[in-house]
Amino acid sequence: GKLRFDQILGLIPQHFDVILLGVVSDISSVGIYKFAKKLIEPINYVVVTFNPWLQNKLKNSYETFEINTFFKQILLPLSFLISIFYVVFGRNIISILGSEEFIDSYAPMLILLIGFIFYLYTFWIRQYLLFNDLIAFHAYGRLIYSGVFLLLAILLVDIYSSIGVAIALSSAMILQKSYEYLIYKKKLKS
């Protein structure tokens, strides 16, 4: 039940960004934002790749697995390389995959990069919560995500268009994962 509740909450905010931007702004802004978001999505593929490995580590060697080592030796260098790639080659990638009309997606892409890198740093917390029967806290984190996103998006979209939605989404991700990290520290590491 707790896991299904968490999964349902995860489905709700997935398209709020595009819908809200479409209602408040023009079709061009929606296209620019969607393009920027698609460019950042490969970071999720990295997380999806690590999840089964991490679940196996937590299942089989929970007591000996060091998340700090994983973070320092894998996640930090990987995120540094990913960030450098997007900052240095982002405009070229946009020009190659899209056209010059989409060059305005560079700023929203970099803002989304901040949120997605923070997510990459903290994705493992959900697995710890799941393996310790604390997944409800992840669901609460998703509620925080949805609330923060909606509030900031409503305030920022009209003024900043696709950049406003990117700020709202990244801020919501960072606050959700920060909340989950506090739960992790309080419930599992205290």
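The values are calculated or read from the model by the stated rules, or taken from the named source; none is laboratory data. Predicted model, so just to flag it, every value in this text is computed and none were measured. Reconstructed Cβ throughout: ideal geometry from the backbone, glycine too, with neighbour counts over all protein chains shown. Note: areas computed on protein heavy atoms with side chains; ligands, DNA, RNA excluded. Shrake-Rupley method; radii C 1.70, N 1.55, O 1.52, S 1.80 Å.
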Checklist outcome for this item: Note on E41: of the conditions (1) in contact with a Phe, Trp or Tyr (Cβ under 9 Å, 6 or more places away or on another chain); (2) loosely packed, with under 12 Cβ neighbours inside 10 Å; (3) within 17 Å of A153 (Cβ to Cβ), unmet is (3)
Item to check | V46, sole failed condition from (1) exposed (fewer than 14 other Cβ atoms within 10 Å of the Cβ); (2) under 27 Å from G164 (Cα atoms); (3) at pLDDT 95 or above | outcome: (1)
Checklist entry - Are there any pairs with C-beta distances below 7 angstrom linking a residue in the range 126-140 that is polar (S, T, N, Q) to a residue that is open to solvent by less than 10 Å² (accessible area, probe 1.4 Å), with the two at least 6 apart or on different chains, and if so which? => result Q127/L54; Q127/L58
Checklist outcome for this item: Filtering the range 35-52 down to residues that are within 17 Å of Y86 (Cβ to Cβ) and without any contact (Cβ under 8 Å) to a residue 40 or more places away in the chain yields K38, E41, P42, Y45
Checklist entry - Can you tell me which of F65, F35 is outside any helix (DSSP H, G or I), out of contact with any strand residue (DSSP E or B) (no Cβ under 6 Å at 6 or more places or on another chain), open to solvent by less than 50 Å² (accessible area, probe 1.4 Å) and not aliphatic (A, V, I, L, M)? => result F65
Item to check | Top-ranked residue in the range 84-105 [being open to solvent by less than 40 Å² (accessible area, probe 1.4 Å) and within 22 Å of the chain's Cα centre (by Cα); ranked as nearest to I43 (Cα to Cα)] | outcome: Y86
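Mind listing whichever residues of the range 152-180 are of a type in the set (D, E) and at positive phi?
Within the range 152-180, the subset of a type in the set (D, E) is 158, 180.
Hits for the range 152-180: nothing passes.
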Item to check | P108 being crowded, with 18+ Cβ neighbours inside 10 Å and either of a type outside the set (G, A, S) or modelled with pLDDT of 95 or more (or both) | outcome: yes
Checklist entry - In the set I159, I167, which member is modelled with pLDDT of 95 or more, open to solvent by 20 Å² or more (accessible area, probe 1.4 Å) and under 20 Å from S25 (Cβ atoms)? => result I167
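Which residues, taken from the range 50-77, are of a type in the set (S, T, N, Q) and within 15 Å of the chain's Cα centre (by Cα)? Steps first, answer last, please.
Filtering the range 50-77 for residues of a type in the set (S, T, N, Q) gives 51, 55-56, 60-61, 64, 68-69, 73.
Passing the criteria: only N51.
Restrict the check to the range 146-155 and report whether at least one residue is within 23 Å of V46 (Cβ to Cβ), open to solvent by less than 60 Å² (accessible area, probe 1.4 Å), touching an Asp or Glu at 6+ places or on another chain (Cβ under 9 Å) and of a type in the set (F, W, Y).
Step one: of the range 146-155, the residues within 23 Å of V46 (Cβ to Cβ) are 149.
Subset that is open to solvent by less than 60 Å² (accessible area, probe 1.4 Å): 149.
Narrowing the set further to residues that are touching an Asp or Glu at 6+ places or on another chain (Cβ under 9 Å) leaves 149.
Then drop every residue that is not of a type in the set (F, W, Y), which leaves 149.
Yes: one or more hits.
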Item to check | Filter result for the condition that a residue is modelled with pLDDT of 95 or more, touching a Leu at 6+ places or on another chain (Cβ under 7 Å) and of a type outside the set (A, V, I, L, M), over S29, S79 | outcome: S79
